[in-house]
Amino acid sequence: MRDQHPTRDLVKEAVGCGNTSGRTIDKFRPSTSRRQPHGRQGALIDECYANLECRVVDASMVNKYSFFILEVLKAWIDPSKKDPRTIHHRGKGMFMIDGKTIKLPSKIK
C-alpha cells in the first residue's frame, strides 16, 4: 500500500485519484502526475511532498469503521519543498490544509 501526501497545488489531482477505482483503469493516466517505479508497492508520485510505503497489519475494523492499521515500511520526502502545505482528507469531500508553523521550546537539538 502506498500513501502519498500531496500539497495544496495538487488538490484537484488528489480528488480525481481518490474518486476513481484503480481496479479497471490506470487512475493516474489522466493526471499530470509523474510516477517513478519504487519499492514493492508501486510508484512514487513525483509531485507529492511525502510518500509512505505501508503494509496493512490490522484490517479488523474495516467493515465497521472503514479503518485500517498500517505499518510504515519506508518513507520519502522531497527536501526541495520548503514549508509544504499538505492536504488531508477529512471525509465527505472535506479537506484540511496544513497551516502556520509554530516553534516551541525544546531540549532536543
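The values are calculated or read from the model by the stated rules, or taken from the named source; none is laboratory data. Since this is a predicted model, take the numbers as computed values, not measurements. Virtual Cβ from ideal backbone geometry, glycine too; neighbours counted across all protein chains shown. SASA here: full protein model, heavy atoms, side chains in, ligands and nucleic acids out. Shrake-Rupley method; radii C 1.70, N 1.55, O 1.52, S 1.80 Å.
Of the residues making up the range 86-109, those that are outside any loop (DSSP other than H, G, I, E, B) and either among the small types (G, A, S) or surrounded by 11 or more Cβ atoms within 10 Å (Cβ to Cβ) (or both) number 7. For D83, the conditions (1) at pLDDT 85 or above; (2) surrounded by fewer than 10 Cβ atoms within 10 Å (Cβ to Cβ); (3) part of a loop (DSSP other than H, G, I, E, B) are fulfilled apart from (1). Residues that are part of a loop (DSSP other than H, G, I, E, B), closer than 24 Å to V11 by Cβ and open to solvent by less than 70 Å² (accessible area, probe 1.4 Å) within the range 49-78 comprise Y49, D78, listed in sequence order.
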